[in-house]
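Visitor: After the structure tokens below, expect a handful of questions from me.
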Amino acid sequence: MGLGTAQFGLDYGIANDRGICPPEDVAAILDIAAASGIGVLDTAPAYGTAEQVLGQVLPAAHRFRIVTKTPHLGGLRHADDIARAVRDAFAASRTKLRRDRLAGLLTHNANDLLRPGGAALWAAMAALKRAGEVERIGA
């Protein structure tokens, strides 16, 4: 089971009347999640400061498997630009999360794989997996 982290870094959600969760609330939520058997945290660069907050509040020896996503690629179509954007965003995510390796990297928008440059997106993700920086990749 997984826990989404968008509200840890964004004023997000139709029923959210409290805004972004303060770090102390995030820490309490993560404690309850771990005690309840939740093992995966779903985050993304698009979730505002969520990755940074997770990096600040998670202890080094936590047992969560962290999955992040590719950045929004906008109008990027050239293979080199896509590869650089994916590499740079993933490196920034790992830095914010204070992790050398993550459990997963997903495309934030699966349709990006079908657009011009989709093969370059997948190749960039596969290169991160081959390098041992991420365990699994997907859409």
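The values are calculated or read from the model by the stated rules, or taken from the named source; none is laboratory data. As the structure is a prediction and not an experimental result, all values here were calculated from the model. Methodologically, a virtual Cβ is constructed for each residue, glycine included, from the backbone with ideal geometry; neighbour enumeration extends over all protein chains shown.
Visitor: If the requirement is being within 30 Å of residue 126 (Cα to Cα), out of contact with any Lys or Arg (no Cβ under 9 Å at 6 or more places or on another chain) and among the β-branched types (Val, Ile, Thr), which of these qualifies: 67, 86, 26?
Guide: 86
Visitor: Now for a separate question. Just the residues that are at pLDDT 95 or above, in contact with a strand residue (DSSP E or B) (Cβ under 8 Å, 6 or more places away or on another chain) and either closer than 14 Å to residue 45 by Cβ or not charged (D, E, K, R) (or both), please, taken from the stretch 100-121.
Guide: Matches in the stretch 100-121: 102, 103, 104, 105, 106, 107.
Visitor: Whether any residue in the stretch 93-102 is more than 28 Å from residue 115 (Cα to Cα) and among the hydroxyl-bearing types (Ser, Thr, Tyr) is what I want to check.
Guide: Yes, the stretch 93-102 contains at least one residue that is more than 28 Å from residue 115 (Cα to Cα) and among the hydroxyl-bearing types (Ser, Thr, Tyr).
Visitor: For the stretch 1-77, which fully contained strands (runs of 3 or more DSSP E) count at least 1 residues that are basic (Lys, Arg)?
Guide: Result: 65-69.
Conditions tested, residue by residue: (1) of a type outside the set (D, E, K, R); (2) modelled with pLDDT under 95; (3) surrounded by 13 or more Cβ atoms within 10 Å (Cβ to Cβ).
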position: 3; (1), (2), (3): yes, no, yes
position: 13; (1), (2), (3): yes, yes, no
position: 17; (1), (2), (3): no, yes, no
position: 25; (1), (2), (3): no, no, yes
position: 55; (1), (2), (3): yes, no, yes
position: 58; (1), (2), (3): yes, no, yes
position: 63; (1), (2), (3): no, yes, no
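Visitor: Among the residues in the stretch 70-79, are any closer than 30 Å to residue 118 by Cα, surrounded by 18 or more Cβ atoms within 10 Å (Cβ to Cβ) and out of contact with any helix residue (DSSP H, G or I) (no Cβ under 7 Å at 6 or more places or on another chain)?
Guide: Checked against the condition, which is being closer than 30 Å to residue 118 by Cα, surrounded by 18 or more Cβ atoms within 10 Å (Cβ to Cβ) and out of contact with any helix residue (DSSP H, G or I) (no Cβ under 7 Å at 6 or more places or on another chain), the stretch 70-79 yields no hits at all.
Visitor: Identify, from the list 44, 92, 50, the residue that is within 13 Å of the chain's Cα centre (by Cα), within 15 Å of residue 125 (Cα to Cα) and buried (at least 18 other Cβ atoms within 10 Å of the Cβ).
Guide: 44
Visitor: Related question: So, in the stretch 100-139, exactly how many residues are in contact with a helix residue (DSSP H, G or I) (Cβ under 8 Å, 6 or more places away or on another chain), surrounded by 13 or more Cβ atoms within 10 Å (Cβ to Cβ) and assigned to a loop (DSSP other than H, G, I, E, B)?
Guide: Matching residues across the stretch 100-139 total 4.
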